[in-house]
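Readers should treat all values here as calculations from the given coordinates under stated rules, not as data from a laboratory. Quick caveat, the model's predicted, so the values are computed rather than measured. A quick note on method: Cβ atoms are made from the backbone with ideal geometry, for glycine too, and the neighbour counts reach across all protein chains shown.
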Amino acid sequence: MIDINLLLAAMSSPALSAWRTILPAQISSAYSAIQHGDLPTWRAIIEALPTLHSASIQLDNDSIVIGRPEDATPQQKEQVETLLRKLHPWRKGPYQVHTIPIDTEWRSDFKWNRLRDSITPLNNRLVLDIGCGNGYHCWRMLGAGAKAVIGVDPTVLNVMQFNAVKHFAGNHPVFILPLGVEDIPRELLAFDTVFSMGVLYHRKSPLDHLLELKGFLRKGGELVLETLVIDGSLGQTLLPEGRYAKMRNVWFIPSPPTLAAWLQRCGFKNIRLLDISRTSIKEQRSTDWMAFQSLSDFLDPNNPKLTCEGLPAPQRAIFLANS
């Protein structure tokens with residue numbers, strides 16, 4: 001499902017030679033090792049998608065828009081929607097594919113709009129997106145002028161959703177690989193911009209993750225880091241005893257001054273706190289494209305400033321820093 005020749009061409013930078021050499025085997029091994037029982041079904045869904053001409057693709061809107069109304073018949077649109085809904089749950093978006101609105105759990109455009117005007121312009125930059133989900137932000141990065149965008153995400157359904165979108169969008173230099181951050185060779189010093197959004201709090205060792213990110217960046221490259229934070233002063237960090245907002249794998253949630261200190265200790269420079277925003281039920285919610293529980297189910301019904309476990313409700317910070 002990945003055009004390996006196009007991928008390797010997009011990764012032609014000499015700094016990526018160490019990864020480019022092993023990447024075909026990594027991808028093949030990743031797919032062969034996948035034990036998810038739904039993988040054959042998901043592949044069949046993508047193979048069943050009709051081939052439609054997309055007269056346009058708009059990557060600079062809040063919703064990624066692929067195709068015009070006249071590009072597909074009503075029967076084709078019905079077929080496409082039926083197939084795409086079988087890839088439920090859709091968590092990151094929104095998308096509009098041949099006039100079909102995919103109303104995802106997350107309004108990921110909210111996050112993009114908080115950072116888009118403050119990051120170093122992505123024109124002609126080589127970009128890495130860690131834990132990229134189904135690739136919504138990867139498409140926005142391409143729309144912002146990136147030369148090529150490489151996303152990695154080990155969740156197979158996310159990769160399948162990206163493949164479905166790309167089926168209609170065409171062969172643009174944006175790729176999502178079914179890999180984790182640990183599969184990327186260390187100290188590549190290759191990417192102009194690295195995004196890590198919604199990943200840090202899932203790592204048992206946040207400092208190791210920051211060091212990994214620094215090693216992926218060329219000298220002077222920019223890190224865009226988005227993660228959960230708590231209110232507090234230098235040195236304060238929340239380590240949930242059990243679940244956090246019903247999530248099992250949440251480890252360290254620092255205060256902004258603590259996170260800035262972590263970045264400095266890891267060797268980052270020019271550290272800037274760009275934004276702190278409390279996650280709202282307008283930004284994360286259940287929809288008919290993601291019908292499971294969402295943020296409103298994770299909060300204390302009597303006090304929305306607390307999670308259902310009695311911990312501070314989710315708020316997220318965006319930091320920029322240079323290697």
Worksheet, complete the sentence: Yeah, region 4-322 with a ≥ b ≥ c from its alpha-carbon gyration tensor (a/c under 1.5 is rounded, else prolate when a/b outruns b/c, oblate otherwise) is oblate
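Report the full-extension gain for the segment residue 207 to residue 306: residue separation times 0.36 nm, less the Cα-Cα distance, to one decimal in nm.
On the way: separation 99, 0.36 × 99 = 35.64 nm, distance 2.68 nm.
Length gained between residue 207 and residue 306: 33.0 nm.
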Practice prompt. Using packing as a proxy for protection, rank 150-159, 215-224, 31-40 so that the peptide with the highest average count of other Cβ atoms within 10 Å comes first.
Written response: 150-159, 215-224, 31-40
Item to complete: Rounded to whole Hz and in sequence order, give me ³J(HN,Hα) for region 192-202 from the Karplus expression 6.51 cos²θ - 1.76 cosθ + 1.60, θ = phi - 60°, writing x for Gly and Pro.
Response: 6, 9, 10, 9, 10, 10, x, 10, 3, 6, 8
Worksheet item: Residue by residue, what Karplus-based ³J(HN,Hα) values in Hz, rounded to whole numbers, does region 245-250 have, using 6.51, -1.76 and 1.60 with θ = phi - 60° and x for Gly and Pro?
Response: 6, 6, 8, 7, 9, 10
Worksheet item: Under 5 Å between amide H atoms, partner at least 5 residues away or on a different chain: which partners does residue 177 have, H built in plane at 1.01 Å?
Response: 151, 152, 153
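For the chain, return all DSSP H helices satisfying: extent of Cα atoms along own axis at least 15 Å; mean Kyte-Doolittle hydropathy at least 0.0. Please list the in-between numbers first.
On the way: long enough: 17-33 (24 Å, 0.25); 74-85 (16 Å, -1.37); 156-169 (19 Å, 0.71); 206-216 (16 Å, 0.17).
Sorted by number, the helices that extend far enough and score high enough are 17-33, 156-169, 206-216.
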Worksheet item: region 106-168 to region 185-230: how many Å between their Cα centroids?
Response: 15
Worksheet item: Between residue 280 and residue 265, what length in nm is gained on full extension when 0.36 nm per residue of separation is reduced by their alpha carbon distance?
Response: 2.2 nm
Worksheet, complete the sentence: Taking 0.36 nm per residue of separation between residue 85 and residue 118 and subtracting their Cα-Cα distance, the length gained on full extension comes to 8.4 nm
Practice prompt. State the antiparallel share, in %, of DSSP beta bridges confined to the chain, rounding to the nearest 5.
Written response: 55
Worksheet item: Roughly how many whole Å is it from the C-alpha centroid of region 31-80 to that of region 270-323?
Response: 29
Item to complete: Which order do the peptides 240-250, 118-128 take when ranked by the mean count of other beta-carbon atoms within 10 Å per residue, highest first?
Response: 118-128, 240-250
Item to complete: Hey, can you grab everything whose amide H is under 5 Å from the amide H of residue 65? Only 5+ residues off in sequence or another chain; H modelled, so Pro and N-termini drop out.
Response: 58, 96
Discussion item. Just to check I understand the Karplus step: with θ = phi - 60° and J = 6.51 cos²θ - 1.76 cosθ + 1.60, what whole-Hz values come out for region 287-293, glycine and proline as x?
Written reply: 9, 6, 9, 8, 8, 7, 5
